[in-house]
C-alpha cells in the first residue's frame, strides 16, 4: 500500500550541503537538512580524505564488524554502563536530540537527548537549542561530527567556529525556503 501524498502544508524540502572545515586541509562537514512545515530534521557528520582521520566509517558493534571476536585492546571502554563500546578507528552513530522553543519565553528551549553519545552530546544539544530558539520550530538533530583532524585537534574555539558555521548555514537555508531572497 502506497503512502498518501503529502498535503501542501506538509511538504518537505531536503538540502544536502558540504562545506570544508576551517583549519583543516581535507576534512569536510556534511549537512543533511529536511525542512518540514512544523519542524526541521538535521544530520551532521564529518569526512576526511586522510586515511588516518577517516571519520566516515560508521560502525555498529556486532552488526557490521569484519571479525566476530573482539579483544579489550580493540574496543574503547564505554562512557556509561548502558552504552555499547565502539571499536578503535571507527566513529559511532553519534547523538540524536530533540529541541523545541519554549512557548512562554523566546529565550528558553527544551532539549531532550533521544540517543545520547557522550562524545557528541554537548555539541548536539547546543546546536539544537540555538536553532530551535532562532527559528522558533522544533529541531531533530543527529550529530556524529569529529574534530580530531582540525588544526588544534578540536579545541573549544574550533568547535564553536563549527557550531557558528552550522547555525549560519541552516538559518540561511531557512530564510530561503519559501523562495524569498
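Some points to look at:
- Residue check for residue 137: in a loop (DSSP other than H, G, I, E, B), surrounded by 14 or more Cβ atoms within 10 Å (Cβ to Cβ), touching a helix residue (DSSP H, G or I) at 6+ places or on another chain (Cβ under 9 Å) and modelled with pLDDT of 50 or more: yes
- Looking across region 1-42, just one residue is out of contact with any strand residue (DSSP E or B) (no Cβ under 7 Å at 6 or more places or on another chain), surrounded by fewer than 16 Cβ atoms within 10 Å (Cβ to Cβ) and at pLDDT 90 or above, and that is 38.
The values are calculated or read from the model by the stated rules, or taken from the named source; none is laboratory data. Model, not experiment: these values are computed from the prediction. Every residue, glycine as well, gets a Cβ built from its backbone with ideal geometry; the counts of neighbours run over all protein chains shown.
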